[in-house]
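All remarks here apply to the structure that follows.
The values are calculated or read from the model by the stated rules, or taken from the named source; none is laboratory data. Just so it is clear, the structure is predicted and the values come from calculations on it, not from any experiment. Here Cβ is always computed from backbone atoms with ideal geometry, including for glycine, and neighbour counts include all displayed protein chains. Calculation scope for accessible area: heavy atoms of the full protein, side chains included, ligands and nucleic acids excluded. Shrake-Rupley method; radii C 1.70, N 1.55, O 1.52, S 1.80 Å.
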Amino acid sequence: MAGMIFSPEESPEANQHLQLPQQQLQTGREVASDDDRSVAADSWSIKSDYGSTLDDEQRHADAAEALSSAANFRPASDYSSDKDEPDAETSMLGLQSYWDAAYLDELANFREHGHAGEIWFGTDVMDTVISWTKSLCTDVSQGHIPNHGGEPKPQSVEQDEKYLSCWSVLDIGTGNGLLLQELSKQGFTDLTGTDYSEGAIDLAQSLADRDGFSNIKFLVDDILETKLDRQFQLVMDKGTLDAIGLHPDGPIKRIMYWDSVSKLLAPGGILVITSCNHTKDELVQEVENFNQRNIAISQEPSAMKDQETHRDHPPFRYLNHVRTYPTFMFGGSVGSRVATVAFLRN
């Protein structure tokens, strides 16, 4: 069954928490059991050099405290795909063991047959994200900030090369790294891809070496426990927030996600999120909740001294979204499979 997303005001009660499309769950191969994937993950137990500077318990404690202190705001869990009794196959997509095993398969297929692996959301969506992001970055480079409407205007090749080479790009949850290869073809040159799966990074690096993209850097890094010590002008997320929301601790991990992304994205930079589990309005609302929580924290007496210049300034604001995805009618409502939304880092 194809996945759909509806705006909150149009969505029927049963569709408020939507699952990933069934064809994306299956990915063309038999879905392994939790036990099988855990065994496979144990065999791929190389620890990342880009681990956490804080232990897991402390990060969860901080996020849990933030979650409880945000009683006046709509919690992030309202927009996650977690359920009280989640579907077993869907919840697997929130576990690292699933992705470790999946990329072991992808890496084996690449070494045996040269296959690049799955393109998450499909080539049409990736092509749309690439061209739309390219035009958006070019517009912003020229000082043309979209005013919540209209599509970014395409520029000439010469203008693209002039502006896009100045953008540093981070792709979180990069998978096989094909999104970064396509961005490189469009004129972006400072490109970094991270993933918490060692197998994904091995596959991405192997594909980049084979296809001649020596300018792309790949690192094993968990966005929730990132040890990256630099900021980027453009951060791309194609399905990573979706997967995080499917973890059993999804609400807490989503807060950790926004905290990390806000530190990695440079002031004036752009975050582009593509999701098949959330509408544009849901993503905008989740960012607004994060902004309100940060303002509330910055106004606490203990934080005023260190954050005096940042009080009342939300970290993100909505910039634009893709309007060209195909839509269809279902139950009297208009829906689409995917939403891509851009946010500006204040």
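Right, residue 255: crowded, with 24+ Cβ neighbours inside 10 Å, assigned to a helix (DSSP H, G or I) and either of a type in the set (Val, Ile, Thr) or at negative phi (or both) or not? When the stated conditions are applied, residue 255 passes them.
Among the residues making up region 265-284, those that are in contact with a Ser or Thr (Cβ under 9 Å, 6 or more places away or on another chain) and either of a type in the set (Asp, Glu) or surrounded by fewer than 18 Cβ atoms within 10 Å (Cβ to Cβ) (or both) are 266, 281, 282. Residue count for region 116-147, restricted to those that are within 18 Å of the chain's Cα centre (by Cα) and among the polar types (S, T, N, Q): 4.
With respect to (1) touching a residue at least 40 places away in the same chain (Cβ under 8 Å); (2) more than 16 Å from residue 322 (Cα to Cα); (3) in a helix (DSSP H, G or I), the lone exception for residue 227 is condition (3). Among residues of region 252-264 that are farther than 17 Å from residue 317 by Cα, those with a beta-carbon under 7 Å from a residue that is modelled with pLDDT under 95 and not in a helix (DSSP H, G or I) at least six positions away or on a different chain give the pairs 253/247; 254/80. For region 102-112, give me each residue that is open to solvent by 10 Å² or more (accessible area, probe 1.4 Å) and either within 13 Å of residue 197 (Cα to Cα) or modelled with pLDDT under 95 (or both). Matches in region 102-112: 103, 104, 105, 106. Looking at this structure, is residue 192 touching a Phe, Trp or Tyr at 6+ places or on another chain (Cβ under 9 Å) and within 19 Å of residue 116 (Cα to Cα)? When the stated conditions are applied, residue 192 passes them. Here the condition is being surrounded by fewer than 24 Cβ atoms within 10 Å (Cβ to Cβ), part of a helix (DSSP H, G or I) and in contact with a helix residue (DSSP H, G or I) (Cβ under 8 Å, 6 or more places away or on another chain); of 205, 181, it holds for 181 alone. Taking the listed residues 237, 242, 195, 221, the one that is under 24 Å from residue 140 (Cβ atoms) and open to solvent by less than 30 Å² (accessible area, probe 1.4 Å) is 237, with no other qualifying. Annotation: residue 193 fulfils all but one of (1) under 22 Å from residue 262 (Cβ atoms); (2) at pLDDT below 95; the unmet one is (2).
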